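Chemist: So that we are looking at the same thing, I have put the structure below in structure tokens.
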Amino acid sequence: MTATTAAAASARVNPLTTGQLPAWSPWAILLGSWVLVGGVFALMNTGGDPADFNIAATLFLGTVLFVVLLTVFSSVAENRRRAVDRLVTSLVSSAFVIVLIPLVSLLYTVVVNGLDRFDAEFFSSSMRNIVGEGGGAVHAIWGTLLITLGAAVISVPIGLMTAIYLVEYGRGKLAKAITFLVDVMTGIPSIVAGLFAAAVFVIFFGPGTYMGIAGSVALSVLMIPVVVRSSEEMLRLVPNELREASYALGVPKWLTIMKVVMPTSIAGITTGVTLAISRVIGETAPLVLTAGITASLNTNLFSGPMTTLPVLVFSQYRSPGIDPTEALDRAWAGALTLILIVMALNLVARLVAKIFAPKLGR
Amino acid sequence: MSKRIQVNDLNVFYGKFKAVEGISMTIEPRSVTAFIGPSGCGKSTFLRTLNRMHEVIPGAYVEGEVLVDGDNLYGEGVDPVLVRRQVGMVFQRPNPFPTMSIRDNVLAGVKLNNTRMAKSDADALVEKSLQGANLWNEVKDRLNLPGSGLSGGQQQRLCIARAIAVSPEVILMDEPCSALDPISTLAIEDLIEDLKREYTIVIVTHNMQQASRVSDKTAFFNIAGTGKPGKLIEYADTTKIFSNPDVQATEDYVSGRFG
């Protein structure tokens with residue numbers, strides 16, 4: 001009796017699993033479409049040079065064919081809902097891959113070209129008295145770090161306090177006006193920020209003044225709105241219940257902001273500040289106007305021109321000296337260094353965010 | 001420790017909208033007073049005026065006076081921060097500070113005010129407050145873990161411990177059990193019973209059984225219609241409100257004939 005029931009149960013097909021394409025079918029259809037389209041292109045290319053085989057068109061048309069075939073198969077073998085699901089899933093996944101292509105390609109190009117000069121000399125010497133081979137970017141690395149640090153020191157307090165004003169105190173027309181102006185500032189072209197800072201420093205120090213701090217001011221014009229907007233979003237995310245809990249304990253408003261609101265949102269604020277730094281660290285145009293271009297190491301923000309990595313890349317490309325290949329290699333190595341600095345910054349910010357994030361016990 | 005609250009002809013406004021009208025009542029020290037009534041009738045709004053918490057909402061203001069042992073909370077130059085140190089509050093949803101440990105949550109009222117405190121005093125205060133909130137035995141081994149890791153009922157008792165750690169005169173509770181299961185609710189009701197020996201307690205509740213179980217006096221609020229201000233209909237001993245109230249509307253409400 002029991003044996004027959006067991007046998008019947010195993011023979012019986014679960015109705016919930018019927019009418020579905022097997023799990024491997026999308027991959028098989030994708031591969032099949034590529035092979036099919038590749039075959040067509042190979043036929044069209046018969047007798048020609050194998051190097052002329054059109055691989056990009058094969059992948060593109062093959063993927064289009066895959067999307068069409070999968071939807072058709074699914075609507076025949078399955079039902080309409082599954083067919084639409086498969087159509088959208090394949091479109092979304094393709095979009096994801098398409099987005100990755102330029103990113104990976106960019107990283108690959110920068111790493112391959114940058115590694116040629118990514119050596120000890122690059123990090124130990126400046127471009128002083130170098131017209132041909134050799135030379136390095138130590139002056140530009142210092143310049144990048146110092147000018148960006150200066151910009152952060154100026155923008156983070158101003159931006160954060162503006163955000164606190166907007167979220168905690170600002171009511172009525174003044175707050176609306178500030179929000180509007182911050183939005184306008186977000187759209188300022190960087191060259192305008194550079195001209196502004198250059199003009200300000202010309203007023204105080206006369207024409208032809210190049211200083212690292214002028215670059216910092218130009219960058220902070222670009223950075224402040226980003227810091228304001230991101231910090232504002234983060235502060236607004238702090239639940240009002242926490243503020244009320246603090247007020248109900250007889251804690252004044254400023255202490256509530258300092259000790260409840262800020263710690264709760266510090267992780268998001270750190271991320272926002274890092275994004276703002278990443279946005280300005282790659283600026284070139286405003287720095288050429290304000291901090292100038294130099295081949296020598298200068299670690300004093302308040303006197304003399306300074307060069308940053310993007311400006312170094314620009315100047316190496318623009319005026320390569322007597323050996324253009326060497327200059328281009330230096331430019332690529334500079335770009336690679338810049339990407340590494342930004343990446344390191346992001347890692348640090350993630351670490352900070354993780355350390356400060358509100359912990360959920362258990 | 002506990003103080004008498006006297007409310008004289010109080011109107012509460014949100015901008016132009018009059019939310020609560022003409023409330024006069026006296027809340028005795030060392031007693032539990034329950035506010036009942038349909039949603040939107042101004043119970044919570046009125047409760048929040050008792051420690052000036054309603055001012056947190058932009059545009060809210062008050063006419064009339066609230067006297068705590070004779071001192072008007074709405075007199076000229078009164079600092080709301082000092083008011084709130086005397087009149088503590090427990091909210092509907094448990095809201096422990098997510099960045100703080102259980103211990104720091106209890107000490108929040110002290111620490112957030114930058115008051116220095118010896119470690120032994122702090123330890124004693126933590127133990128006393130958690131004992132007072134009936135939570136000590138459950139958390140004494142994990143005081144340094146985050147407060148948000150506790151269950152909902154434990155979090156609410158943590159919030160009560162946090163409120164009593166600053167030793168207020170009055171504790172306001174805004175539907176403290178509405179998000180809790182019956183067992184946690186029972187724990188909090190027992191706690192209210194204990195706390196009443198030292199504090200004046202005012203509790204808003206939608207649960208009429210709860211009002212009849214925990215309170216000495218009950219106030220029934222009602223609203224004539226949407227957009228009209230809420231009013232105090234009847235305020236009397238809990239037994240009277242629930243057995244033979246003077247006003248017909250009260251009887252209809254507590255007997256479940258409407259609402």
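Chemist: Please give the average number of partner chain Cβ atoms lying within 10 Å of the Cβ of each residue in B:93-102, rounded to a whole number. Display every interim value, and only then the final one.
Modeler: Numbers: counts 3, 2, 9, 2, 8, 11, 13, 6, 2, 1.
Going residue by residue through B:93-102 and averaging, the value is 6.
Chemist: Taking each residue in A:254-262, count the Cβ atoms of any other chain within 10 Å of its Cβ, then average. What number comes out?
Modeler: 3
Chemist: Can you pull the one-decimal nm distance between simple spin-label points at A:Ile98 and A:Asp119, each 7 Å off the Cα toward Cβ?
Modeler: Those two pseudo-labels are separated by 4.3 nm.
Chemist: Still on this structure: What order do you get for B:12-21, A:260-269, B:224-233 when each peptide is scored by the mean count of other beta carbon atoms within 10 Å, highest first? Kindly include the intermediate steps, with their values, before the conclusion.
Modeler: Working: B:12-21: 16.8, A:260-269: 20.7, B:224-233: 14.4.
Ranked from most to least packed, the peptides come out as A:260-269, B:12-21, B:224-233.
Chemist: While we're looking at this one, here's another question. Can you give the Kirkwood hydrodynamic radius of segment B:108-253 from its Cα pairs, in Å with one decimal? List each step's numbers first, then the result.
Modeler: Details: mean 1/r = 0.0579 Å⁻¹.
That comes to 17.3 Å for segment B:108-253.
Chemist: In addition: Considering the Cα positions of segment A:152-252, please state its Rg to one decimal place and its Dmax as a whole number of Å.
Modeler: My reading of the Cα-based Rg and Dmax gives 17.3, 58 Å.
Chemist: Could I ask something else about it? Just how far, in whole angstrom, is segment A:235-295 from segment B:206-259 if you go by their alpha carbon centroids?
Modeler: The distance from the Cα centre of segment B:206-259 to that of segment A:235-295 comes to 48 Å.
Chemist: Once you order the gyration tensor axes a ≥ b ≥ c over the Cα atoms, which shape class does segment A:22-116 get: rounded for a/c under 1.5, otherwise prolate or oblate by comparing a/b with b/c? Can you show the working numbers first?
Modeler: Values: a/c = 3.45, a/b = 1.40, b/c = 2.47.
Oblate.
Chemist: A further question follows. Please give the direction-averaged projected area of the C-alpha convex hull for segment B:1-106, in square nanometres with one decimal.
Modeler: Across all orientations, segment B:1-106 yields a mean hull projection of 8.2 nm².
Chemist: Using only the C-alpha atoms of chain A, find the volume of their convex hull and express it per residue in Å³.
Modeler: 292 Å³
Chemist: Right, something else. For segment B:17-69, restrict the atom set to alpha-carbon positions and state the Rg and Dmax in Å.
Modeler: 11.7, 34
Chemist: Using only Cα atoms, find the angle between the long axis of helix A:190-205 and the longest principal axis of chain A, and express it within 0 to 90 degrees, rounded to the nearest 10.
Modeler: Tilt relative to chain A: about 10 degrees.
Chemist: Just report the Cα centroid separation between segment A:339-357 and segment A:95-112, whole Å.
Modeler: What the calculation gives is 22 Å, centre to centre.
Chemist: Kirkwood Rh and Cα-based Rg: tell me the resulting Rg over Rh for the protein assembly as shown, rounded to two decimals. Before the final figure, lay out each step's value.
Modeler: Working: Rg = 34.7 Å, Rh = 30.8 Å.
Looking at the protein assembly as shown, the ratio lands at 1.13.
Chemist: GNM on chain B, C-alpha springs below 10 Å: top fluctuator among B:Val66, B:Val247, B:Val202?
Modeler: Looking only at B:Val66, B:Val247, B:Val202, the biggest GNM fluctuation is shown by B:Val247.
Chemist: Of the listed pairs B:Lys3/B:Lys231; A:Lys259/B:Lys228; A:Lys253/A:Lys354; B:Lys140/B:Lys217, which have alpha-carbon separations greater than 32 Å here? Working shown, then result.
Modeler: Values: B:Lys3/B:Lys231 24 Å; A:Lys259/B:Lys228 40 Å; A:Lys253/A:Lys354 27 Å; B:Lys140/B:Lys217 35 Å.
From the list (B:Lys3/B:Lys231; A:Lys259/B:Lys228; A:Lys253/A:Lys354; B:Lys140/B:Lys217), the Cα-Cα distance tops 32 Å for A:Lys259/B:Lys228; B:Lys140/B:Lys217.
Chemist: What GluC sites (Glu not before Pro) does segment A:231-268 have in DSSP loop regions with at most 16 other beta carbons within 10 Å?
Modeler: Here no loop site has a sparse enough neighbourhood.
Chemist: For helix B:152-165, report the angle its Cα long axis makes with the longest principal axis of the Cα atoms of chain B; keep it between 0 and 90° and round to the nearest 10°.
Modeler: Once rounded, one gets 90 degrees.
Chemist: Measure nothing fancy, just the Cα-based angle from helix A:138-164's long axis to the longest principal axis of chain A, in degrees from 0 to 90, nearest 10.
Modeler: So the helix axis and the longest Cα principal axis differ by about 80 degrees.
Chemist: Can you sort A:Thr274, A:Thr186 by how many other beta carbons sit within 10 Å, fewest first?
Modeler: Going from least to most buried by this count: A:Thr186, A:Thr274.
Chemist: To continue, here is another question. Using a Förster distance of 25 Å, how high is the FRET efficiency between A:Leu91 and A:Leu59, based on the Cβ-Cβ distance and rounded to 0.05?
Modeler: Details: r = 16 Å, r/R0 = 0.63.
The computed FRET efficiency comes out at 0.95.
Chemist: Then there's this: Which whole number gives the average count of other chain Cβ atoms within 10 Å of the Cβ atoms across peptide B:108-114?
Modeler: On the way: counts 6, 6, 2, 4, 10, 7, 5.
Averaged over the peptide's residues, the number is 6.
Chemist: By counting other Cβ atoms within 10 Å of each Cβ, how are A:Arg350, B:Arg213 ranked from fewest to most?
Modeler: Fewest to most other Cβ atoms nearby, the residues stand as A:Arg350, B:Arg213.
Chemist: Once you've got the GNM for chain A with C-alpha springs shorter than 10 Å, pick whichever of A:Ile213, A:Ile178, A:Ile101 has the biggest mean-square fluctuation.
Modeler: Highest fluctuation of the listed residues: A:Ile101.
Chemist: Sort B:83-93, A:65-75 by packing, meaning the average of other beta carbons within 10 Å per residue, with the highest value first.
Modeler: Working: B:83-93: 21.4, A:65-75: 17.9.
Descending packing order for the listed peptides: B:83-93, A:65-75.
Chemist: Please give the FRET efficiency for B:Ala124 paired with B:Lys16, using the beta carbon to beta carbon distance and R0 = 45 Å, rounded to the nearest 0.05.
Modeler: Details: r = 50 Å, r/R0 = 1.11.
Between B:Ala124 and B:Lys16 the formula returns 0.35.
Chemist: Send over the per residue convex hull volume for segment A:231-362, Cα only, as a whole number of Å³.
Modeler: On the way: hull volume 19.5 nm³, N = 132.
Expressed per residue, the convex hull around the Cα atoms of segment A:231-362 is 148 Å³.
Chemist: Shifting gears a bit: List the extent of the Cα atoms of chain B along each of their three principal axes, largest first, rounded to whole Å.
Modeler: Its Cα atoms span 54, 43, 29 Å along the three principal axes.
Chemist: Follow-up question, since we're still on this one. Mean-square fluctuation check for chain A, GNM, Cα pairs under 10 Å: which of A:Asp323, A:Asp49, A:Asp183 is largest?
Modeler: A:Asp49
Read-outs: derived from the displayed coordinates by stated rules, not from any lab. Not measured: the values here are computed from a predicted model. A quick note on method: Cβ atoms are made from the backbone with ideal geometry, for glycine too, and the neighbour counts reach across all protein chains shown.
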